[in-house]
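One structure is given below, encoded as structure tokens.
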Amino acid sequence: MAMNQIGQTTPNSSFGTDQLRLVSFNVGKELFAVDILRVQEINRMMSLTQVPQSPPGVCGVINLRGRIVPVLDLRTRFGLKECEHCEESRIIVVEIKGATIGFIVDAVHEVLEINPSIIEEAPAITSSADARFIKGVAKMKDTLLILLDLDELMTTESLESAGAIKTQAA
């Protein structure tokens, strides 16, 4: 993954003063990013084991070196049309509120290092994603980079459902 240095102005206090390291990826036409420190690994698409009576958005589970990890499709979570996974599709494995979760994205791009000053609070209607999932929006050269709030992406109820699926699959 390439490393980019972007933005050199006064830091936005709500995001701190240190450069942010983010993993950028696409879901649909939108460019998103999450804090690299939350990412455990990024995997190519693999076979998912379907678990009966899974909640909407949960595609199944994967076995990662002996760990059962529930996998969600961010397209479904964001209310986008489902599509076939392709060669560029990836599963990003993250930790959310103590739970290990994988989520499917259309493509992973790069690790970015950005200055917090280029990040603005998310307007009420920013993209196809629910606004509560959005931590902020970074103004890049030719596009907007939407920073996801992983803790808001998964509600406690969703995490409990994912935990139940993990238990069913074990």
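Rule-based calculations on the coordinates, nothing more; no lab input. For clarity, every value in this text was computed on a predicted model and none was experimentally measured. Note that we place each Cβ from the backbone using ideal geometry, even for glycine, and neighbour counts take in every protein chain shown.
Rank by packing, highest mean first: peptides 142-153, 18-29, with packing defined as the count of other Cβ atoms within 10 Å averaged across residues.
18-29, 142-153
The 3J(HN,Hα) values that the Karplus relation (6.51, -1.76, 1.60; θ = phi - 60°) gives for region 43-50 are, in residue order, 10, 5, 4, 9, 5, 9, 8, 6 Hz. Gly and Pro appear as x.
Stretched out fully, how many nm does the piece from THR49 to ARG67 gain, at 0.36 nm a residue minus the Cα gap? Let's see the in-between values first.
Numbers: separation 18, 0.36 × 18 = 6.48 nm, distance 1.31 nm.
Extra length available between THR49 and ARG67 comes to 5.2 nm.
Relative to the current alpha-carbon distance between ARG21 and ASP149, full extension at 0.36 nm per residue lengthens the span by 44.7 nm. Of the peptides 93-99, 40-46, 78-84, 113-119, the ranking by mean beta-carbon count within 10 Å, highest at the top, reads 113-119, 93-99, 40-46, 78-84. For region 81-94, putting each phi into the Karplus relation 6.51 cos²θ - 1.76 cosθ + 1.60 with θ = phi - 60° gives couplings of 5, 5, 9, 5, 6, 10, 4, 7, 4, 9, 10, 9, 9, 10 Hz, in residue order, rounded to whole numbers and with x for Gly and Pro.
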